[in-house]
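Note sheet for the following structure.
The values are calculated or read from the model by the stated rules, or taken from the named source; none is laboratory data. From a predicted model like this one, the values you see are computed outputs, not experimental measurements. Don't worry about glycine lacking a Cβ; one is built from the backbone with ideal geometry, like all the others, and counts go over all protein chains shown.
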């Protein structure tokens, strides 16, 4: 967990893939490939590049925040009701690559309250999620 | 959920003492103000004030019983907060499946 997750919500998805990082990097950064698995958009692997991703359900506004070819890529991921950052990290492994996606962010109306409340939120929400699961 | 009720919900939960009271009620079920006060490090009137805020946000309901009010948690409004991470996890899980499918097809 990075320091941001202390006062934001975050979602992490991780997979071991039987391919070298270079191949996965291409799928993450070439628009005609991005379109095939994520959404249609005009991504360019340049710091500060603004682009949008579109699908039938709507669009996402993005800006490249960090880029380290073959290793890491981070962009903002803003929709009508979500301000967040998506970070991809590629770790070479014996069998290929461990690919990690972490999205951290807020719904805009939640932001001031999270900011004021600091570290208690994620722990609290984890506890509440368990309570809700047990009740169902 | 309406914007106003969402704001009440977040205001109510922005305070760590109120979160602790709410968490107690979720974990241990219905309790009186006296029982909640015994577990908090604040006075009974202060606990009562927090309960009013939680009640306005729809997170707590009370049941009068003689001289005592019994309070219990209503965690349902919290679902809207928890839901986005669940939604996004499902979204990315599906995208990862599509990505693996693409990687299989690349260079063939």
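Among the helices (runs of 4 or more DSSP H) lying completely within the stretch B:1-47, list those that include at least 3 residues that are at pLDDT 90 or above and assigned by TED's automatic domain parsing to the domain that holds residue B:58.
Working: elements: B:3-13, B:16-28, B:33-39.
Answer list for the stretch B:1-47: B:16-28, B:33-39.
Picking from residues in the stretch B:64-79 that are part of a loop (DSSP other than H, G, I, E, B) and away from chain A (no Cβ under 14 Å), the one that is nearest to residue B:44 (Cα to Cα) is B:67.
Against the list (1) touching a residue at least 60 places away in the same chain (Cβ under 8 Å); (2) at positive phi, the condition residue A:48 fails is (1).
The single condition among (1) facing chain A (nearest Cβ under 10 Å); (2) surrounded by fewer than 18 Cβ atoms within 10 Å (Cβ to Cβ); (3) within 25 Å of residue A:81 (Cα to Cα) that residue B:4 does not satisfy is (1). Total residues in the stretch A:34-61 satisfying the condition of being more than 14 Å from every other protein chain (Cβ to nearest Cβ), more than 20 Å from residue A:105 (Cβ to Cβ) and in contact with a helix residue (DSSP H, G or I) (Cβ under 9 Å, 6 or more places away or on another chain): the figure is 3. Criterion first (surrounded by 14 or more Cβ atoms within 10 Å (Cβ to Cβ), touching a helix residue (DSSP H, G or I) at 6+ places or on another chain (Cβ under 9 Å) and closer than 29 Å to residue A:77 by Cβ) does residue B:10 satisfy it? Judged against the criteria, residue B:10 is a match.
Just for the stretch A:5-29: of the residues that are out of contact with any helix residue (DSSP H, G or I) (no Cβ under 8 Å at 6 or more places or on another chain) and facing chain B (nearest Cβ under 10 Å), which one is nearest to residue A:98 (Cα to Cα)? Outline the logic, then answer.
Restricting attention to the stretch A:5-29, the residues satisfying the condition of being out of contact with any helix residue (DSSP H, G or I) (no Cβ under 8 Å at 6 or more places or on another chain) are A:12, A:14, A:16, A:18, A:20-22, A:25, A:29.
Then keep just the ones that are facing chain B (nearest Cβ under 10 Å); that gives A:12, A:14, A:18.
Working: A:12: 13, A:14: 7, A:18: 9 Å.
If we take residues in the stretch A:5-29 being out of contact with any helix residue (DSSP H, G or I) (no Cβ under 8 Å at 6 or more places or on another chain) and facing chain B (nearest Cβ under 10 Å), then A:14 is nearest to residue A:98 (Cα to Cα).
Every listed requirement among (1) within 11 Å of another protein chain (Cβ to nearest Cβ); (2) buried (at least 18 other Cβ atoms within 10 Å of the Cβ); (3) free of Cβ contacts under 8 Å to residues at least 40 places away in the same chain is met by residue A:64 save one, (1).
Filter the stretch A:40-93 down to residues that are closer than 15 Å to residue A:24 by Cα and assigned to a loop (DSSP other than H, G, I, E, B), then give me how many there are. The total comes to 4. Please determine whether any residue of the stretch B:28-41 is surrounded by 16 or more Cβ atoms within 10 Å (Cβ to Cβ), in contact with a strand residue (DSSP E or B) (Cβ under 9 Å, 6 or more places away or on another chain) and touching a residue at least 40 places away in the same chain (Cβ under 8 Å). Checking the stretch B:28-41: at least one residue is surrounded by 16 or more Cβ atoms within 10 Å (Cβ to Cβ), in contact with a strand residue (DSSP E or B) (Cβ under 9 Å, 6 or more places away or on another chain) and touching a residue at least 40 places away in the same chain (Cβ under 8 Å).
One residue stands out among those in the stretch A:69-81 that are farther than 20 Å from residue B:99 by Cα and out of contact with any strand residue (DSSP E or B) (no Cβ under 6 Å at 6 or more places or on another chain): the one that is farthest from the other protein chains (Cβ to nearest Cβ), which is A:80.
Conditions first: (1) farther than 20 Å from residue B:8 by Cβ; (2) free of Cβ contacts under 8 Å to residues at least 40 places away in the same chain; (3) within 12 Å of chain A (Cβ to nearest Cβ). Residue B:23 passes all but one, so which condition is the exception? All conditions are met except number (1).
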